[in-house]
Structure formats: C-alpha cells, structure tokens
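Trainee: Mind having a look at this structure? Questions to follow.
The values are calculated or read from the model by the stated rules, or taken from the named source; none is laboratory data. What you see is a predicted model, and the numbers here were worked out from it, not measured in a lab. Here the Cβ positions follow ideal geometry from the backbone for every residue, glycine too, while neighbour counts run over all protein chains shown. Accessible surface is based on the protein model in full, side chains and every heavy atom, while ligands, DNA and RNA are left aside. Shrake-Rupley method; radii C 1.70, N 1.55, O 1.52, S 1.80 Å.
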Amino acid sequence: MPAVSDRFAQTAPKVGFVSLGCPKAMVDSERILTQLRVEGYAVVGGYREADLVVVNTCGFIEAAQQESLEAIGEALAENGKVIVTGCLGKRAALIREHHPQVLAITGPHDYAAVMRAVHAQLAPPAHNPYTDLIPASGIKLTPRHYAYLKISEGCNHKCSFCIIPKLRGKLVSRPIGEVLREAERLVKDGVRELLVVAQDTSAYGVDIKYKGSDWRGNDYRTHMTDLCQALGELSVWVRLHYVYPYPHVREVIPLMAAGKLLPYLDIPLQHASPRMLKAMRRPAAGEQALQRIREWRAVCPDLTIRSTFIVGFPGETAADFAELLAFIKEAQLDRVGCFSYSPVDGADANALPDWVPAELAEERRRMFMETQAGISAARLQRLVGRELTVLVDSVTGDGVVARSFADAPEIDGVVRVRTTERLIPGQFVKVRITQADHYDLAAVT
C-alpha cells in the first residue's frame, strides 16, 4: 500500500490508501489524498494503523477488475473498514456481491463523494494552519521531479472493445487556464517533467468549443496545440500521452523540433487492418497512419513514437495479422506494447462473431513482439555515440538510472549512467550513449 508519511499521525484520524490503475486514476488518487491532508487527516502506509482504508480501483479489463476485488478483500481482511472508489465503483453490484461489508462505493473522479464517505466514518479534525501544510501543487504519488497533468475526463469515442465512456462518461475538458496554472504550481514545487494525460489528448477542448482563457496576459484556446505552445514556455520536459493521430497533431511537431516539447508521442493505434479498425470502431486506417508518421518524422527526425496494439480481436484473420506485421515493419515504431484480446463485461465487441482461439491469439502476440523487438533495438542503436540530456530518476548503490526524451517513466526503457559525478534525482545531466539493447541504453558522463 503506498505510504505518505505524516508526523502528526498520532493525533489525526488515520486513512490508508490503495491506488490501482492507469495514470489518470493516479491523478484521481492524488486529488483525494490532497483533500484528505487539506482537511487534516493523516495518510498512513499500513492497514493496521489506519482507521479506515480507501481503495481506488481499476475496472478496464477483467484482470484489472480481479486485481481490484482482491485489493478490496485484502483491505477488509487487514483493516475491516473500506471505502471503494474508481472505475470499478461503477459496478457496485459486483463489488457488493464479493464484498458486501464495504462501507461505501463511489465512481471515478467523484472526489466529493469519497470525502462524504470518509466524513461519515471519521469526523474531520480541527484544522491547524501550522501543521496541516501541503505543497501548493498537492500530494503526489510520483517522485518529486515528474508529475501527470490530467487535462480532461471521459471520452467521446465508442470503441467496441472499451467501456471507459461507460465508466468515466463523455469528454469533459478542463479550461486551459486552470490546467496551465496547475502546471505552473507543479514546476514551482520542483517538477521537471510534465506528462500530459487524458483518455484522448487530441480531442482536448472539443466539448467546450475550444473556449479561450487567459494565462500570463495572453489568450489561449482550450485546444491541444495552444496547450502545447503554453507548456513549452515553462522550461521543463513536456511529454504527450494518449494522442489520437488526427490531422491537427501535425501542428505540435514543429514545437518538438524546436525543443519546446519532448519529441515523443504516445499513440494507441490498436491495429492496422482497415477491417479490424472498423470492427474496433477506431479512427484512421493503417495507410493514413503511415503517411502521418512519415510527415511528422520529416519535420522532427528524433520523434519517438510509442503505441499499443491488440491481436486476436474477434474476426481477425491471418491476412489481417499479416497486414499488422507489415505495418509495424514499415512504421518503425520505437516503443510498442501488444495484448491478446481480452473480453470486458459491457463491451460491444463481446457480441462480435468469429472469436480467435486464445492459443492462436497468444501465438500472434508472441510473433508480433518478436518482430517489434528487432525494430526497437535497431531504433535505439541510432542513439549510440550521441550526446543526450537525461533526467535522473534514482541514485543507488547499483548506479544511476535516468531517462532520455525517448523514455516515459514506468512504461519505456531507462538510461543506466556510469559516472564519477554526484548526481541526484530530478537533475538534468548530459551523457554520451555507449550501448543499447532492445529496450535500455547505457551511458557515461
């Protein structure tokens, strides 16, 4: 269970916290934790010292649902008083079926309902302005030098394999001025890398017709391009996640080439076969994506592209899979994840015919990752011999672990640095890349 130290834990009501799921869910956890601390609650790192436990769940796929149910069961066994929130909270009947003794259940990003449930069990302590101190940017579950910046909730897409819109609702964009002021607070509190997240970053602002907002005396639209232009003025790393390959993405590539944004795009393409993309209800076909990738790299040759794909989707034929393999060979993507299709309760894809046997789907996943491993290794070899600026993540007895522009935390590779310098986490340092394998780099200062 993640721990947030609190030296006043002996006098304040104590809340334990379990955070599961994606970076968007982590941001929800951070906001709940911040509100708990604002109100004077102590957040503790063990079940037994807590007066109650909040579990922020994931409900995207069956494996995540099972993990969430197990976490709830563990918290009940160890503590007995549990409040459940997050995506699985949308399936309250399922939670009650497995764990009828939970105190309360709320849905995702419903911070007020979580706090009401906490108040019902533990009255808020008297506020002490001398001890109830938190950073201006709030409590973070990430290391101090990077943070996730969530720009919207929900999603307007109707992908047949996904239930996120049913769990988190339709797109609701945060006004750009609010987002930029949060980004400023994070940078003032020591953040050196901002990771922009949403269910669909490219659609930012479409729900509020790109309404303008003032920041630093200038008017900016609530739009991905304007957001990137403004974030580029903060003199920190800015990394874009969950970007759909819409035409207007080309507008941010020159900002990457100019060093205002990291040359990195996380684009969940999912497949390349037009037939499969239609069945998945995904935008763009493989050939369109290839053309856009070529255009982007012509402007910014260092552009790193991360993506995810699904194999074994209902109806996928050998020809569809062959088209996907041909696509990744042509696209030369840098970082790729691949998953065998997993049914999700409530997803429209469950009604599709011609399901692919699990063994065949897994064999296709293996073949895909084998092919991509060679591509990823070749892409990394291009960096050997170059001087790069890296961001230090950790310094231990085993050495220095850092990341380059091509490495998002937790999901990509790392740069292992050999040095005689005394480096600290959150420090930028120039290194020379000496070696590369399939995923990681080695470097010297």
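Trainee: Which residue, of VAL196, VAL191, VAL187, VAL179, is assigned to a strand (DSSP E or B) and under 20 Å from the mean Cα position of the chain (by Cα)?
Mentor: Going through VAL196, VAL191, VAL187, VAL179 in turn, the sole match is VAL196.
Trainee: Still on this model: Determine the pairs where a residue that is without any contact (Cβ under 8 Å) to a residue 40 or more places away in the chain, located within the stretch 352-381, has a partner that is outside any loop (DSSP other than H, G, I, E, B) and not hydrophobic (A, V, I, L, M, F, W, C) with Cβ atoms under 9 Å apart, the partner being 6 or more residues away or on another chain.
Mentor: Pairs that qualify, where the first residue is without any contact (Cβ under 8 Å) to a residue 40 or more places away in the chain and the partner is outside any loop (DSSP other than H, G, I, E, B) and not hydrophobic (A, V, I, L, M, F, W, C), are MET369/GLY337.
Trainee: If you don't mind, another one. Take the residues in the stretch 225-247 that are under 21 Å from the mean Cα position of the chain (by Cα) and hydroxyl-bearing (Ser, Thr, Tyr), then tell me which one is surrounded by the most Cβ atoms within 10 Å (Cβ to Cβ).
Mentor: If we take residues in the stretch 225-247 being under 21 Å from the mean Cα position of the chain (by Cα) and hydroxyl-bearing (Ser, Thr, Tyr), then TYR242 is surrounded by the most Cβ atoms within 10 Å (Cβ to Cβ).
Trainee: So which of ALA377, ALA408 is part of a helix (DSSP H, G or I) and not acidic (Asp, Glu)? Steps first, answer last, please.
Mentor: On the way: ALA408 fails: part of a helix (DSSP H, G or I).
Among ALA377, ALA408, only ALA377 is part of a helix (DSSP H, G or I) and not acidic (Asp, Glu).
So that you can scan it fast, the table gives a plain yes or no per residue for (1) open to solvent by 10 Å² or more (accessible area, probe 1.4 Å); (2) in contact (Cβ under 8 Å) with a residue 12 or more places away in the chain; (3) out of contact with any Cys (no Cβ under 9 Å at 6 or more places or on another chain); (4) of a type in the set (Asp, Glu):
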{"position": "GLU39", "(1), (2), (3), (4)": "yes, yes, yes, yes"}
{"position": "VAL43", "(1), (2), (3), (4)": "no, yes, yes, no"}
{"position": "TYR47", "(1), (2), (3), (4)": "yes, yes, yes, no"}
{"position": "GLY59", "(1), (2), (3), (4)": "no, yes, no, no"}
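Trainee: Residues of the stretch 77-90 being assigned to a helix (DSSP H, G or I), surrounded by 20 or more Cβ atoms within 10 Å (Cβ to Cβ) and over 20 Å from the mean Cα position of the chain (by Cα), which ones? Spell out how you get there, then give the answer.
Mentor: First, the residues of the stretch 77-90 that are assigned to a helix (DSSP H, G or I): 77-78, 87-90.
Filter once more, so that each one left must be surrounded by 20 or more Cβ atoms within 10 Å (Cβ to Cβ): 87-90.
Scanning the stretch 77-90 gives a single hit, LYS90.
Trainee: Within the stretch 139-152, can one find any residue that is modelled with pLDDT under 85, farther than 22 Å from LYS90 by Cβ and buried (at least 20 other Cβ atoms within 10 Å of the Cβ)?
Mentor: yes
Trainee: Which pairs do you get when a residue that is under 14 Å from ALA25 (Cβ atoms), found in the stretch 156-171, comes within reach of a residue that is in a loop (DSSP other than H, G, I, E, B) and open to solvent by 40 Å² or more (accessible area, probe 1.4 Å), reach meaning Cβ atoms under 8 angstrom, with the pair 6+ apart or on two chains?
Mentor: ILE164/PHE60; LEU167/PHE60; ARG168/HIS109
Trainee: Can you name the residue in the stretch 309-351 that is closer than 18 Å to LEU269 by Cβ, touching a residue at least 60 places away in the same chain (Cβ under 8 Å) and buried (at least 17 other Cβ atoms within 10 Å of the Cβ) and is also nearest to the chain's Cα centre (by Cα) among such residues?
Mentor: Among residues in the stretch 309-351 that are closer than 18 Å to LEU269 by Cβ, touching a residue at least 60 places away in the same chain (Cβ under 8 Å) and buried (at least 17 other Cβ atoms within 10 Å of the Cβ), the one nearest to the chain's Cα centre (by Cα) is ARG335.
Trainee: While we're on this one: Quickly run through the stretch 153-187 and pick out the residues that are at positive phi and open to solvent by 10 Å² or more (accessible area, probe 1.4 Å).
Mentor: GLY169
Trainee: Moving on to the next point. Given the condition in contact (Cβ under 8 Å) with a residue 12 or more places away in the chain, open to solvent by less than 60 Å² (accessible area, probe 1.4 Å), over 24 Å from GLY169 (Cβ atoms) and of a type in the set (Ser, Thr, Tyr), answer yes or no: does some residue in the stretch 195-203 qualify? Give the steps one after another, and end with the answer.
Mentor: To start, the set of residues in the stretch 195-203 that are in contact (Cβ under 8 Å) with a residue 12 or more places away in the chain comprises 195-203.
Of the ones still in play, those that are also open to solvent by less than 60 Å² (accessible area, probe 1.4 Å) are 195-203.
If we keep only those that are over 24 Å from GLY169 (Cβ atoms) as well, we get none.
No, that holds for no residue.
Trainee: Report whether or not LEU277 is crowded, with 18+ Cβ neighbours inside 10 Å and not in a loop (DSSP other than H, G, I, E, B).
Mentor: So LEU277 passes the test.
Trainee: Take the conditions touching a strand residue (DSSP E or B) at 6+ places or on another chain (Cβ under 8 Å), farther than 19 Å from PHE405 by Cβ and surrounded by 18 or more Cβ atoms within 10 Å (Cβ to Cβ) and apply them to HIS271. Does it pass? Steps first, please.
Mentor: On the way: touching a strand residue (DSSP E or B) at 6+ places or on another chain (Cβ under 8 Å): yes; farther than 19 Å from PHE405 by Cβ: yes; surrounded by 18 or more Cβ atoms within 10 Å (Cβ to Cβ): yes.
Against the criterion (touching a strand residue (DSSP E or B) at 6+ places or on another chain (Cβ under 8 Å), farther than 19 Å from PHE405 by Cβ and surrounded by 18 or more Cβ atoms within 10 Å (Cβ to Cβ)), HIS271 qualifies.
Trainee: I'd like to know if the stretch 248-257 contains one or more residues that are out of contact with any helix residue (DSSP H, G or I) (no Cβ under 9 Å at 6 or more places or on another chain) and open to solvent by 30 Å² or more (accessible area, probe 1.4 Å).
Mentor: no
Trainee: Oh, and also: What's the total number of residues in the stretch 364-381 that are open to solvent by 50 Å² or more (accessible area, probe 1.4 Å) and of a type in the set (Lys, Arg)?
Mentor: 2
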